[in-house]
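The values are calculated or read from the model by the stated rules, or taken from the named source; none is laboratory data. Since this is a predicted model, take the numbers as computed values, not measurements. Cβ coordinates were reconstructed from backbone atoms using ideal geometry, including for glycine residues, and neighbour counts include every protein chain displayed. The accessibility values were calculated without ligands, DNA or RNA, using every heavy atom of the protein model including side chains. Shrake-Rupley method; radii C 1.70, N 1.55, O 1.52, S 1.80 Å.
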Amino acid sequence: MRISARADYAVRACLEIAVHAEGDGLPIKAEAVAAAQEIPHKFLEGILSDLRRGCIVVSKRGGNGGYLLARPAAEITVADVVRAVEGPIVSVRGERPNALSYTGPAEPLLPLWVALRANVRKILEGVTLADLAHDRLPEPVRELADDPAAWRNP
């Protein structure tokens, strides 16, 4: 599985928006998010549009305008953000694993892809923007991340 730059930037932008709103409750401008997270501004604008359509962020117009989360950070998971900009969390050839079928020696691939999807969803749906903003990864995720094997290059 590969996390695209678009998904990475989307999560980082949402975290920047979440932390900024905790400070003063005011919207943050796209330019400020782009600068703080070193995201190309034009690329970020497209991501913010997707996040707005996905009901992750709302935009406010005017001199004091900018972006805010559409709901509290504790109610928005990383999976929500990734889905808003990328679509399904795990797909095989652009399809959800449960829509596939295999025959012969390839039959075991289907349960493998389904298990992969279930585990990725379990992790991404179990971590909220608030968890990340406050460096409070859920213990099962922290344990996986602390495993030295997770840091080795294949």
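Could you check the simple spin-label distance between Ser49 and Ala149, using points 7 Å along Cα→Cβ, in nm with one decimal?
4.4
Of Leu144, Leu48, Leu15, which has the most accessible area with a 1.4 Å probe, and how do the rest follow in descending order?
If we order Leu144, Leu48, Leu15 from most to least accessible, we get Leu144, Leu15, Leu48.
For the stretch 63-103, what % of the accessible area comes from carbon and sulfur atoms, probe 1.4 Å?
Numbers: 940 of 2100 Å².
That fraction is 45 percent.
Given 10 °C and 1.306 mPa s, how large is the Stokes-Einstein diffusion coefficient of the stretch 110-151 in µm²/s, with Rh as the Kirkwood radius over Cα pairs?
In µm²/s, the coefficient rounds to 139.
Hand me the chymotrypsin sites (Phe, Trp or Tyr not before Pro) from the stretch 97-151 located in a DSSP loop with no more than 15 other Cβ atoms within 10 Å, in residue order please.
For chymotrypsin sites (Phe, Trp or Tyr not before Pro) across the stretch 97-151 that sit outside H, G, I, E and B with at most 15 neighbouring Cβ atoms in 10 Å, the list reads Tyr102.
Helix 41-53 against the longest principal axis of the chain: what's the angle in degrees, Cα atoms only, rounded to the nearest 10?
The angle comes out at about 80 degrees.
Using DSSP to define loop residues, name the GluC sites (Glu not before Pro) in the stretch 1-55 whose beta-carbon has at most 13 other beta-carbon atoms within 10 Å.
Glu38
Between 0 and 90 degrees, rounded to the nearest ten: what's the tilt of helix 5-24 against the longest Cα principal axis of the chain?
Around 40 degrees separate the two axes.
Straight-line reach from Lys29: which lysines fall under 30 Å, measuring Cα to Cα and dropping same-chain residues less than 8 apart?
Lys29 reaches Lys42, Lys60.
Taking a ≥ b ≥ c as the square roots of the Cα gyration tensor eigenvalues, with a/c under 1.5 meaning rounded and otherwise prolate when a/b beats b/c, else oblate, which class fits the stretch 45-146? Numbers along the way, then the final one.
Details: a/c = 4.22, a/b = 1.68, b/c = 2.52.
Verdict is oblate for the stretch 45-146.
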